[in-house]
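Report on the structure given below.
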Amino acid sequence: MTPISTTQLDAALDWRYATKQFDATRKIPVETWASLEHALVSAPSSFGLQPWKFFVVSDAAVKAKLLPLSWGQAQVADCSHHVVFAVRKGVDVAYADKFLARQIELRGGSLEALAGYRGMIAGFLTNITAAGQLDTWATKQIYIALGQFMAAAALLGVDACPMEGINPAAYDEVLGLTGTEFATVVACSAGYRAPGDKHATAAKVRFPVKDLVQHV
């Protein structure tokens, strides 16, 4: 792999903004969307357990149902793809074993050889469950995937708008998640900015580097 230049990276990150108006007539090409899905499924997570599922909404009728559940934010209806990031609740050792089986499938080896690693994961899950923090931990992982998705979108010239201003429980009902092991956490609309969105050219409001980054 040939790394992109620092100039290219800076330009992509500066170009990115929380898009307020999408061009409803523009759709993300299939090949581009496939890369963005790759960005989702390749996102890092604690132990690599991937306690999540991504629901991609492109059907206009479903987006229309989600619109009033998103504080009426037009991005939901006008974007090309609306991604709902859902947490997998109740991650347990059985799920960890499923992950380890996948690891063996891809890398070879045996469950016996991974006994130490399995014990480490099992101990972590047992302790965090006892502390009542299991689903909180899993939910935090969601934001790692969201960040990677948004960065990848910017590098591909795709606009995005993350949003926590949604009704998660109502989203669950629309997406059929109520009563399942998954629950909505956050969403992100993706597509292409409308030409008239004045926010696209507004200066980013960020504190100076010296106020946010400290070398120790």
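Each value in this text was obtained by applying a stated rule to the coordinates, not by laboratory testing. Just so you know, these numbers come straight off a predicted model, no measurement behind them. Note that each Cβ is placed from the backbone with ideal geometry, even for glycine, and that neighbours are counted across all protein chains shown.
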Length added when fully stretched, residue 7-residue 45, from 0.36 nm per residue minus Cα-Cα: 10.9 nm
Calculated [θ] (222 nm, deg cm²/dmol) that DSSP helices of n ≥ 4 give over the chain, each run adding -39,500 (n - 2.57): -13500 deg cm²/dmol
At a Förster distance of 35 Å, what's the computed FRET efficiency of residue 61 paired with residue 101, Cβ-Cβ distance as r, to 0.05? 0.40
By how many nm would the segment from residue 197 to residue 120 lengthen if fully extended, with 0.36 nm per residue of separation less the alpha-carbon distance? 22.8 nm
Can you list the lysines whose alpha carbon sits under 22 Å from that of residue 89, skipping same-chain ones fewer than 8 residues off? 53, 98, 140
Calculated FRET efficiency for the pair residue 144/residue 111, C-beta based, R₀ 25 Å, to 0.05: 0.40
When the Cα centres of region 113-129 and region 33-89 are compared, how far apart do they sit, in Å? 30
Whole-Hz Karplus couplings 3J(HN,Hα) for region 79-92, θ = phi - 60° and coefficients 6.51, -1.76, 1.60, Gly and Pro as x, run 5, 7, 9, 10, 9, 9, 9, 10, 8, 8, 7, x, 4, 9
In whole Hz, what ³J(HN,Hα) sequence does region 112-122 give by Karplus (6.51, -1.76, 1.60; θ = phi - 60°), x for Gly and Pro? 4, 5, 9, 4, x, 5, 4, x, 5, 5, 4
Just to check I understand the Karplus step: with θ = phi - 60° and J = 6.51 cos²θ - 1.76 cosθ + 1.60, what whole-Hz values come out for region 123-134, glycine and proline as x? x, 4, 5, 4, 5, 6, 5, 4, 7, x, 10, 4
